[in-house]
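A.B. asks: After the structure tokens below, expect a handful of questions from me.
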Amino acid sequence: MSAGLFELRKDPITGWWVATIVDRDFDRSRFARPAATIDDGGDCQNCRLPEGDGVRLRVLKDYAFHVVGTEQERDELDRGIAQVTVADARAAGSWRTIAAPPREHRALAQVGTVAEEMLRIARDAVADATTAAQTDYVQVVQNWGAQAGARTNHLCLDVYDLPLIPHRVAEELGGAARFVIREGECPWCRLVRDEARTRERLVWEDATTVAFAPWGSRSPFEVWVVPRTHQADFGRADDAAVHATATALREVLSGLAVSLDGPPYNLVLHTAPVRERVDATFHWHWELHPRLRDIAGLELGTGLPVNPVSPEAAVEQLLERAGVRAGAGT
């Protein structure tokens, strides 16, 4: 049998399938990919805007999204058949960035209290949006490296107020509700318990947080950082939970930096929608997706992710090469 056997794995929450290659030896040279810097001409706007010495919140676009829907709905809106008020339109979306102090161009894994402060501001942004109830979802992301879509070398988190619930989050919401009905517990609580017990895909853990490569990893070295305590809304996380999350993210990212030469990645928060009460079924968590390869035709044509590195092989590399010790914080 030739190398490259696909093992079709099913995500236990969304029900989505992933094609994972399980019979190929890991070749580090194919995936070690340093994050590329951005040519900013020597002028980093996040170093000087807004003014100040600490972590700062910068508004990039106060009106970032214009909801038009289908082409027909857009045409009706243009003809004045459908109308939204200016106030509602402004509330429909914004784009902000949480910028580290000036001249802070180090990776998230290399900073301590700065990372924690940035996460606290992100937590507060989610909480404020819930109180205002003028948007549907708050998406927090970090794009690190040009290959991951970063537009700056500055350490920052982007915050998007979205006038919709993203498809991926909606699939998690529905899948989690079905899981709770079927199994009687939150799927992320189950995953935290099972991954900590089997340790086959466990990357790191302490008394409050577990980091693991999901069974149906959609990309090489994908890692989820999940709190042990069940809570749907990151906006309600206390300072201790934010501190624990910052610690876990730094540990995991430090391991990736050693294993894969500081790769580009996307870090995304999944939290409860602003105007949905899903306390019993959802569980906030962070997803880390290193950008180590290009998307090919099979994935574009089918929507079926192809992962050339099994999550078990990825974790083995992290634990052995990087010296990450699962359970180091216990």
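A.B. asks: Hey, does the range 92-101 have a residue that's without any contact (Cβ under 8 Å) to a residue 40 or more places away in the chain and either more than 22 Å from residue 279 (Cβ to Cβ) or in contact with a Gly (Cβ under 9 Å, 6 or more places away or on another chain) (or both)?
C.D. replies: no
A.B. asks: Please go through the range 225-281 and give me each residue that is of a type in the set (Val, Ile, Thr) and either at positive phi or in a loop (DSSP other than H, G, I, E, B) (or both), ordered by number.
C.D. replies: Residues satisfying the conditions are 229, 271, 274, 278, 281.
A.B. asks: What number goes with the only condition from (1) hydroxyl-bearing (Ser, Thr, Tyr); (2) over 22 Å from residue 61 (Cβ atoms); (3) not in a loop (DSSP other than H, G, I, E, B) that residue 131 does not pass?
C.D. replies: (2)
A.B. asks: Which ones in the range 115-137 are touching a Ser or Thr at 6+ places or on another chain (Cβ under 7 Å) and at pLDDT 95 or above?
C.D. replies: 119, 126
A.B. asks: Just name the residue that is modelled with the lowest pLDDT out of those in the range 144-162 that are touching a helix residue (DSSP H, G or I) at 6+ places or on another chain (Cβ under 9 Å), farther than 10 Å from residue 291 by Cα and not β-branched (Val, Ile, Thr).
C.D. replies: Of everything passing the filter in the range 144-162, 161 is modelled with the lowest pLDDT.
A.B. asks: Next question. Are there any pairs, at least 6 apart or on different chains, whose C-beta atoms fall under 8 Å, with the first in the range 53-70 and more than 20 Å from residue 165 (Cβ to Cβ) and the second charged (D, E, K, R) and at pLDDT 90 or above, and if so, which?
C.D. replies: Cβ pairs passing all conditions: 54/117; 55/117; 57/96; 58/96; 59/96; 60/96.
A.B. asks: Pick out, from the range 1-76, the strands (runs of 3 or more DSSP E) lying fully within it that include 3 or more residues that are under 28 Å from residue 173 (Cα atoms).
C.D. replies: 6-10, 17-21
A.B. asks: Any residue that is modelled with pLDDT of 95 or more, charged (D, E, K, R) and not in a loop (DSSP other than H, G, I, E, B) - is there at least one of those in the range 285-298?
C.D. replies: Yes - at least one qualifying residue is present in the range 285-298.
Per-residue answers, yes or no, for (1) at pLDDT below 95; (2) among the small types (Gly, Ala, Ser):
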| residue | (1), (2) |
| --- | --- |
| 164 | yes, no |
| 175 | no, yes |
| 189 | no, no |
| 195 | no, no |
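A.B. asks: Return yes or no: is residue 121 outside any loop (DSSP other than H, G, I, E, B) and surrounded by fewer than 23 Cβ atoms within 10 Å (Cβ to Cβ)?
C.D. replies: Spelling it out, residue 121 is indeed outside any loop (DSSP other than H, G, I, E, B) and surrounded by fewer than 23 Cβ atoms within 10 Å (Cβ to Cβ).
The values are calculated or read from the model by the stated rules, or taken from the named source; none is laboratory data. What you see is a predicted model; the values in this text were computed from it and never measured. Positions of Cβ are backbone-derived with ideal geometry, glycine not excepted, and every protein chain shown enters the neighbour counts.
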